[in-house]
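Some notes on the structure that comes next.
The values are calculated or read from the model by the stated rules, or taken from the named source; none is laboratory data. Only a predicted model underlies this, so the values are computations on that prediction, with no experimental measurement involved. Cβ coordinates were reconstructed from backbone atoms using ideal geometry, including for glycine residues, and neighbour counts include every protein chain displayed. Just the protein is used for accessible areas: all its heavy atoms, side chains included, with ligands, DNA and RNA removed. Shrake-Rupley method; radii C 1.70, N 1.55, O 1.52, S 1.80 Å.
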Amino acid sequence: MSQTPILQFERVSKRFGATVAVDDVSVDIAPGEFFALLGPSGCGKTTLMRMAAGFEQPDEGRVLIDGADATDAPPHRRPVNMMFQSYALFPHMSVADNIAFGLKAAGFSREALAARVSEMVRLAQLQGLEKRKPHQLSGGQKQRTALARSLARGTKLLLLDEPLGALDRKLREETQFELMDIQKRLGAAFVVVTHDQDEAMSMADRIAVMRAGKIEQVGAPADIYERPRSRYVAEFIGEINIFAGRASRAGEMLRIEAQDGEIEAPARDGVGDGAPLACAVRPERIRFAPAGEEGANRLAGVVHDVAYRGDHRVFRVRLKSGALARVAAPSALPAPQPGEAATLVFDTAACVVLDA
Amino acid sequence: MTSARLPRLATLAFGFAFLYAPIALLVIYSFNASKLVTVWAGFSTRWYASLFSNAALIASAKISLQVAALSAIIATFNGTLAAFALERFGAFRTRGVFVGAIYAPLVIPEVILGLSLLLIFVALGVDRGFWTIVAGHATFTMCFAAVVIRARLAGMDRSLEEAAMDLGAGPVMTFARVVLPQLAPALVSAWMLAFILSLDDLVIASFTSGPGSTTLPMRIYSQVRLGVTPEINAMSSLLLAAVGLALFISAIAGRRHES
Amino acid sequence: MPRGGLTRGRLSALVIPYGWLALFFLAPLALVLKISLSKSIIAQPPYEPAFGASDGLAGWFEKARAFSVAAYRGLGEDPLYLESYLSSLAIAGVSTLFALLIAYPLALAIARSDPRRRSLLIALAVAPFWTSFLIRVYAWIAILKDEGFLNHALMAIGLIDAPLTIYATNVAVVIGIVYSYLPFVVLPIYNSLEKQDAALREAAADLGAGPLATFWKVTLPLSLPGVIAGALLMFIPAVGEFVIPDLLGGSDTIMIGRTMWNDFFENRDWPAASAGAIVLLILLVGPIIWFERRQTKGQGA
């Protein structure tokens, strides 16, 4: 990155008593980037975000905002704004007063303030609701008010804590696109904390997958999905089948002796004979092999059950070892019925080699 | 549970009759023409008239109102600070002592509080009177105020304050524009509670008062010891009406605030 | 923003209420303890101080050895104090029991009422607390007197021939205490009943429990924290009650609050009254600490 990052964590750690919430995390976020911190609850993603906002001080390391050290700056002196998970709308103020709050704190003149508020009202499509109190708003309207309030000061870095968590499913999808749209129009960097992988995948330019206070992997959504670097990331993002066994070199390939059969996997450097490795394959990369076809990466089993998902179906197939493998196949294709024997097949390239 | 409707209504009827019948009798007989308190002899307002010509009683009522208003202001101020200390300051040294000193006066018998206050005023050589009653009342009512305000603080969403700071408001603006408006209903009820507790108190006032500062409960008490009189019934009815009116207004205000 | 610890701003906010309580609550209590260890003399103030600021540290040690536990020994030897404590505990205990017997059904009836009417009903049940304590006790004099409303009514319906003597007995004191403290007991019981999930009772009924079994096995056990809170909120101040025994009790009604009041104002034996207060405090601190522990444990769970 040639530009100065808008937000940098430099070897940041934070402990609460005996628990380490954030453990030696370093990551840079570029101006205008849509960045997601993804992980299960308690992985430290919220603590990391709260350190950027100034609500927590790191025990070690530095937080830089737009190149300047902000580690010790109090929240109200940081050029950063945050949208709270609970929205934290001031219940005694109208929508307009909520949006104006940060502008008043910044000492806007009366005219500039009114102009900016109506601009934000338009941006968040809150026209006609300016005089309402938060308890008179629907969930989606509250969410948009909170967004408008946090954007009113024209920040270059917006932190969003589970921005869609309180919305119901249908609204959530619409709002994802709205957020992406607003982010592109304003050109501000958005950092979203979420535990929902679909949300992170569909919105973010880059995702940091967190686990127990550490960042496991940072990358573009496709990168993380297609080339997870650990079993944790592979299993956290989407569905995946893991076939583990002893590996041996076979020319350009690796051969893994899994319990359910022999697997050919792409080569990887520094693998000794007999090293325990795993081949991870996404369900949609597995097919049912036509009877009598020969070749590599064939696993025999019996179809256990089928879940219909509209455009595709998910099959669970009982393999020799007793493990259940998942296969996602387009609904239009012919497929075996539950109880029937089936052979699963996948390309060597579909296998991601991971430490077992 | 419609099957249990009858016993439920009977319980409610009995319970509320027990709670309100003595008060109702008291009010009804304040309009009794007879000097005998328990024998009805026709409607009259003569006891109310004689009440207003009782200068000593009026003077005591004035003292009581002044003591209650002043001590409630002090108690609300101190109680607010104490509530913040308990709810927001985290651990500090001798916090246990502080917590104990806030909660103990809620349950310690008033006789002990009064006695200890009297002893300290004597030991410090302070002349007892109006201000010692104010101090005594402000002390025990601040604990009630602290509990009321602390409950509100505990129920307040911390992220509101964080949001204010995040939007660039410093500590003073955050307190004035976000915390205080949220806290206002609790401050009002804390003040009212302190006011009523002070207005009602006999024991602590008896220990801490001096010559010329006889509060209304002290005056009523000394008359009650001599027997039941319709004049006291009238006085009591007025007090009940005042408290009832205050409760009614605060209930209406509370409902308006909620909506 | 620091989560804990005292910044300078916080310290100045803490000093004011802490200082106030130190001056008007902690120091007075310490003084009571000190005076309880002094000898009684007839003077103003009517005690010979055990410690003085002018004594210096050495003097304090000297005097500490000469502490007078006479006041406490006096308490032990004085049958009046012993009887006061025992009878206070008994009267407060009996009153608490009766209050629970009235408050529980009332709280239950309110909690099971139409949700729209519940808050009004509980407000009505608590409202008497806001009115003057003294007046509410006073109201009972006219009811309980020999020629009072109760006797009038009972004789009118022919239940009794001669008036019952209730006024100026311990029975009147118990009635007065139950009446005065009832709102204190109803509120916590109601709170614990009101937040009980109705689905729990439905589940019990679905599993074959009758209404009575459901009450004993589900409703009552779940409301016990409220019952204990209500009982303690009433029992502790009732032990030290002064106004009610003084106005409704007879000359043979002996309660510790009244005994201390008399020692203070009439006998002017300040060390004895102080020692009485200290012993009473010790008697009451046990249940308070137990209750506080319970509360904090409940919050942690």
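Quick one: what Rg and Dmax do you get for the range A:63-161 from the alpha carbons, in Å?
That works out to 13.7, 41 Å for Rg and Dmax.
All other residues with a Cβ under 11 Å from the Cβ of A:R15 taken together, and with Lys, Arg as +1 and Asp, Glu as -1, what is their net charge? Walk me through the numbers before you get to the answer.
Working: positive: A:K14; negative: A:D23, A:E56, A:D59, A:E60.
Residues near A:R15 contribute -3 overall.
Report, in cubic angstrom per residue, the convex hull volume of the C-alpha atoms of the range B:1-61. Write down the numbers at each step before the final one.
Working: hull volume 7.6 nm³, N = 61.
Each residue corresponds to 124 Å³ of Cα convex hull volume.
In whole Å, what are the Cα extents of the range A:292-339 along the three principal axes, biggest one first?
Result, largest extent first: 29, 23, 16 Å.
Hey, what angle do you get for helix A:169-186 against the long axis of chain A, alpha-carbon based, 0 to 90 degrees rounded to 10?
Its long axis makes an angle of about 60 degrees.
For A:C279, what accessible area in Å² do you get when you roll a 1.4 Å probe over the heavy atoms of the protein chains, rounding to the nearest 10?
A:C279 exposes around 0 Å² with every protein chain in place.
Hey, if you put +1 on the Cβ of every Lys and Arg and -1 on every Asp and Glu Cβ in the protein assembly as shown, which of A:L333, A:A112, B:N78 ends up farthest toward the positive end of that dipole?
Result: A:A112, furthest along the dipole toward the positive end.
How big is the range B:177-234 along each principal axis, measuring the range of its Cα positions in Å and listing the largest first?
54, 27, 16
About its Cα centre, what dipole magnitude does the range C:180-256 give when the only charges are +1 on Lys and Arg Cβ and -1 on Asp and Glu Cβ, stated in debye to the nearest 20?
On the way: 3 positive and 7 negative charges, 43 e Å.
Here the range C:180-256 has a charge dipole of around 200 debye.
Enter the accessible area of B:M192 (Å², nearest 10), with the probe set to 1.4 Å and all protein chains included.
Roll a 1.4 Å probe over it and B:M192 shows about 40 Å².
What number, in nm² with one decimal, is the all-direction average of the projected area of the convex hull of the alpha-carbon atoms of the range C:184-270? The partial results should precede the final answer.
Numbers: hull surface 31.7 nm².
If you wrap the Cα atoms of the range C:184-270 in a convex hull and average its projections, you get 7.9 nm².
Output the 0 to 90 degree angle, nearest 10, between the alpha-carbon long axis of helix A:139-151 and the longest principal axis computed from the alpha carbons of chain A.
Between helix and principal axis, roughly 70 degrees.
How large is the convex hull of the Cα atoms of the protein assembly as shown per residue, expressed in Å³ as a whole number?
Details: hull volume 239.7 nm³, N = 916.
That works out to 262 Å³ per residue.
What size of dipole, in debye to the nearest 20, comes out for chain A about its Cα centre when the only charges are +1 on Lys and Arg C-beta atoms and -1 on Asp and Glu C-beta atoms? Walk me through the numbers before you get to the answer.
On the way: 45 positive and 46 negative charges, 255 e Å.
With Lys and Arg at +1 and Asp and Glu at -1, about 1220 debye.
Which residue, B:L12, B:L86, B:L115, has the most motion in a Gaussian network model of chain B that connects Cα atoms within less than 10 Å?
Judging by the Gaussian network model, the answer is B:L12.
Taking the 0 to 90 degree range and rounding to the nearest ten, how far is the long axis of helix A:110-123 tilted relative to the main principal axis of chain A, both from C-alpha atoms?
With both axes taken from Cα atoms, the answer is about 20 degrees.
Take the Cα radius of gyration of the range B:56-227 and divide it by 2.2 N^0.38 Å, with N its residue count; two decimals is plenty. Write out the running numbers ahead of the final one.
Values: Rg = 18.6 Å, N = 172, 2.2 N^0.38 = 15.6 Å.
Expressed relative to 2.2 N^0.38 Å, the Cα Rg reads 1.19.
Exceeding 20 Å between C-alpha atoms, which entries from my cross-link table qualify? They are A:K104/A:K131; C:K195/C:K217; A:K45/A:K133; A:K14/A:K45; A:K14/A:K214. Spell out each step's value before the answer.
Working: A:K104/A:K131 17 Å; C:K195/C:K217 17 Å; A:K45/A:K133 31 Å; A:K14/A:K45 11 Å; A:K14/A:K214 11 Å.
Checking Cα-Cα distances, A:K45/A:K133 exceed 20 Å.
Going by a 4.7 Å Cβ-Cβ cut-off, which cysteines of the protein assembly as shown have no partner at all?
Cys with no partner Cβ under 4.7 Å: A:C43, B:C143.
Give me the percent relative contact order of chain A, please, defined on Cα pairs under 8 angstrom at least 6 residues apart.
Numbers: 762 pairs, mean separation 54.5, N = 356.
This gives 15 percent for chain A.
Divide the volume of the convex hull of the Cα atoms of the range A:1-74 by its number of residues and quote the answer in cubic angstrom per residue.
On the way: hull volume 6.5 nm³, N = 74.
Once divided by residue count, the hull of the range A:1-74 is 88 Å³.
Hey, quick one: spin label on A:A296, modelled 7 Å out along Cα-Cβ, who in the range A:326-356 has an amide N within reach, i.e. under 20 Å?
A:343-356
Among the complete DSSP H segments of chain B, which ones combine at least 18 Å of alpha-carbon extent along their axis with a mean Kyte-Doolittle hydropathy of 1.0 or more? Spell out each step's value before the answer.
Working: long enough: B:5-28 (32 Å, 1.62); B:55-88 (49 Å, 1.28); B:95-107 (19 Å, 1.47); B:110-124 (21 Å, 2.67); B:130-155 (37 Å, 1.27); B:180-200 (29 Å, 1.46); B:230-258 (41 Å, 0.85).
Long hydrophobic helices here: B:5-28, B:55-88, B:95-107, B:110-124, B:130-155, B:180-200.
Based on the Cα gyration tensor of the range A:221-326, what are the three equivalent ellipsoid semi-axes, each the root of five times an eigenvalue, rounded to whole Å and given largest first? Could you put the intermediate results ahead of the total?
Values: eigenvalues 114, 69, 31 Å².
Working from the Cα gyration tensor, I get semi-axes of 24, 19, 12 Å.
Where in chain B is the longest stretch that carries no trypsin sites (Lys or Arg not before Pro) classed as loop by DSSP and with at most 10 other Cβ atoms within 10 Å? Can you show the working numbers first?
Working: sites that count: B:R93, B:R225.
My reading of the result: B:94-224 is the longest stretch.
Can you give me the Rg/Rh ratio for the range B:63-162, using Cα atoms for both radii and the Kirkwood formula for Rh?
Values: Rg = 15.4 Å, Rh = 14.8 Å.
Using only Cα positions, Rg/Rh for the range B:63-162 is 1.04.
Over the Cα atoms of the range A:173-284, what Rg and Dmax result, in angstrom?
Radius of gyration, then largest Cα-Cα span, for the range A:173-284: 17.9, 54 Å.
Between chains A and B, what is the buried accessible area summed over both chains (1.4 Å probe, protein heavy atoms, nearest 100 Å²)? List each step's numbers first, then the result.
Values: alone 17380 and 15520 Å², together 31070 Å².
Interface between A and B: roughly 1800 Å².
How big is the equivalent ellipsoid of the range C:70-300 along its three axes, where each semi-axis is √(5λ) from the Cα gyration tensor, reported in whole Å from largest to smallest? Present the calculation step by step, with values, prior to reporting the outcome.
Values: eigenvalues 259, 133, 42 Å².
Semi-axes (√(5λ), whole Å): 36, 26, 15.
What percent do you get for the relative contact order of the range B:1-54 when only Cα pairs under 8 Å and 6+ apart count?
This gives 20 percent for the range B:1-54.
Tell me, what HN-Hα J-couplings in whole Hz come from the Karplus equation 6.51 cos²θ - 1.76 cosθ + 1.60 at θ = phi - 60° for each residue of the range C:280-287, using x for Gly and Pro?
Taking θ as phi minus 60°, the curve returns 4, 4, 4, 4, 8, 5, x, x Hz for the range C:280-287.
Which value in Å is the Kirkwood Rh of the range A:52-103 over different Cα pairs? Can you show the working numbers first?
Numbers: mean 1/r = 0.0779 Å⁻¹.
One over the average 1/r among Cα pairs gives 12.8 Å for the range A:52-103.
Most mobile of A:R318, A:R144, A:R268 per a Gaussian network model of chain A (Cα springs, under 10 Å)?
Most flexible of the set in this elastic network: A:R268.
If we restrict to alpha carbons, what Rg and Dmax does chain A come to, in Å?
24.7, 79
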